[in-house]
Amino acid sequence: MVGSLCKTYKEYFPIGAAVNSFSINTHKELIVNHFSGITPENQMKPQFVHPAEHLYDFEQGDIIADFAEENNLLLRGHTLIWHNQTPDWFFKDGGGPVSRSLALKRMKEHIYTVMGHYRGRTYAWDVVNEAVADNAEAPVLRQAPWLAAIGEDYVEYAFRYAREADPAAKLYYNDYNECDPVKSRKIYDLVKSLIDHGIPVDGIGMQGHWNIYAPEPDKIRRAVELYASLGVSLQITELDISMFRFDDRTAYEKVPDKLLELQAERYEEIFKLLREYRDLFAGVTLWGIADDDTWLSDFPVKGRRNWPLLFDDEHKPKKAFDSIVVF
């Protein structure tokens, strides 16, 4: 009999999965048997819940929130302030760019309304997502519409508004390439500056969009210890292990057994490290449930199949699953 993932890790940290309003039905058995929490993949992002200035649409997000309640699952909110999947209207006023004061007003209303709608149902939120620049020569904050509209303190305002909107929710800064030495230092500097200014940041979300080759365990370890030195909580928020390096354009019709072996080894070493730092992590979330429904089968190579998760196309456990439930 296949062991339960979330039961195996009950004494370590909650295990979650990214879902959508369809996968909660098509993958329901896997979700309720193997995961203790869920994150909406897209359905709570501004593009979906706030498509026009005076229009909110919570239908799809509510379906996921209801599913979480019905199945006694933790619900993680994702995401409030981001440079992607945010409608252009946020940053325009008539025929020109929005003023700082109006941008702050819109930000506050958006955060208050969305967090208020799910208050008491979401235990944590990714308040600001991917605000840090990747390039070593660039400033800490990436060039983004929120930065252009408000200024460098837009991140501070987002966290202040989020705390006011839901004082009980845990508030996270979330980012990718979080183990790269240059970017991890920038993330550290940003969050440290927020904390030093009394801004309510509860944790750092390490997305974990990794692959079978990188990042090396030592890089993950160094990033974990760097972030933990701030005294904040950590979560792995979007974990998947791609079969390809990011710049690799190779494609397969069927995943080679050798790659499945390498993937299992990667999952094993990553979860061994996470268990070692169990006291630092408030949760680990897989970005998807099974290989038949993953964003990586469309990114960065359009239409290329990828197999980054613990369950295969037929929802059966892979070697990667076995490698982290038997230890």
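The values are calculated or read from the model by the stated rules, or taken from the named source; none is laboratory data. Here the structure is a predicted model, which means the values were calculated and not measured. Because the Cβ atoms are built from the backbone with ideal geometry, glycine has one as well, and the counts that use them run over all protein chains shown. These accessible areas exclude ligands, DNA and RNA; they are computed on the full protein's heavy atoms, side chains included. Shrake-Rupley method; radii C 1.70, N 1.55, O 1.52, S 1.80 Å.
Treating r as the C-beta distance of R278 and A214 and R0 as 30 Å, the FRET efficiency rounds to 0.80. Ligands, DNA and RNA aside, D202 has an accessible area near 40 Å² when probed at 1.4 Å. How far is helix 154-165 tilted off the main Cα axis of the chain, in degrees rounded to 10, range 0 to 90? Once rounded, one gets 80 degrees.
Protein heavy-atom surface of the chain, 1.4 angstrom probe: 50% of the accessible area is carbon and sulfur, with nucleic acids and ligands not counted.
Each Lys and Arg contributes +1 and each Asp and Glu -1, all at the Cβ; summed about the Cα centre of the chain, the dipole is approximately 420 debye.
Filter the GluC sites (Glu not before Pro) in the range 183-282 down to the DSSP loop ones having no more than 10 other Cβ atoms within 10 Å, then list what survives. Here the sparse-neighbourhood loop sites are E253.
Rounded to the nearest 500, the 222 nm mean residue ellipticity of the chain from helices alone is -11000 deg cm²/dmol, with -39,500 (n - 2.57) taken per DSSP H run of at least 4 residues. Here the contact order of the chain, divided by its residue count and restricted to Cα pairs under 8 Å and six or more residues apart, works out to 16 percent. Between the Cα long axis of helix 217-228 and the first principal axis of the chain there is an angle of about 40°, rounded to the nearest 10. Between H83, H54, H315, the residue with the greatest mean-square fluctuation in the GNM of the chain (Cα pairs under 10 Å linked by springs) is H54.
In loop segments of the range 53-102 as defined by DSSP, there are no trypsin sites (Lys or Arg not before Pro) with at most 14 further C-beta atoms inside 10 Å of their C-beta.
With all protein chains kept in place, the per residue accessible area of the range 1-126 amounts to 46 square angstrom at a probe of 1.4 angstrom.
For the pair A251 and S193, label points projected 7 Å from Cα toward Cβ lie 4.2 nm apart.
Under a 5 Å amide H cut-off, with hydrogens placed 1.01 Å from N, G283 pairs with I236 among residues at least 5 apart or on other chains. Annotation for the range 1-45 versus the range 120-179: alpha-carbon center distance of 25 Å. Selection among S323, G288, N306 by position relative to the dipole of the range 270-327 gives S323 as farthest towards the positive end (Cβ unit charges, Cα centre).
Determine the alpha carbon to alpha carbon distance for each of K10/K319; K258/K302; K45/K302; K192/K302; K7/K183 and list only those over 31 Å. With Cα atoms farther than 31 Å apart: K192/K302; K7/K183. Taking Cβ atoms as reference points and 13 Å as the exclusive limit, the residues near T113 contribute a net charge of -1, counting Lys and Arg as +1 and Asp and Glu as -1.
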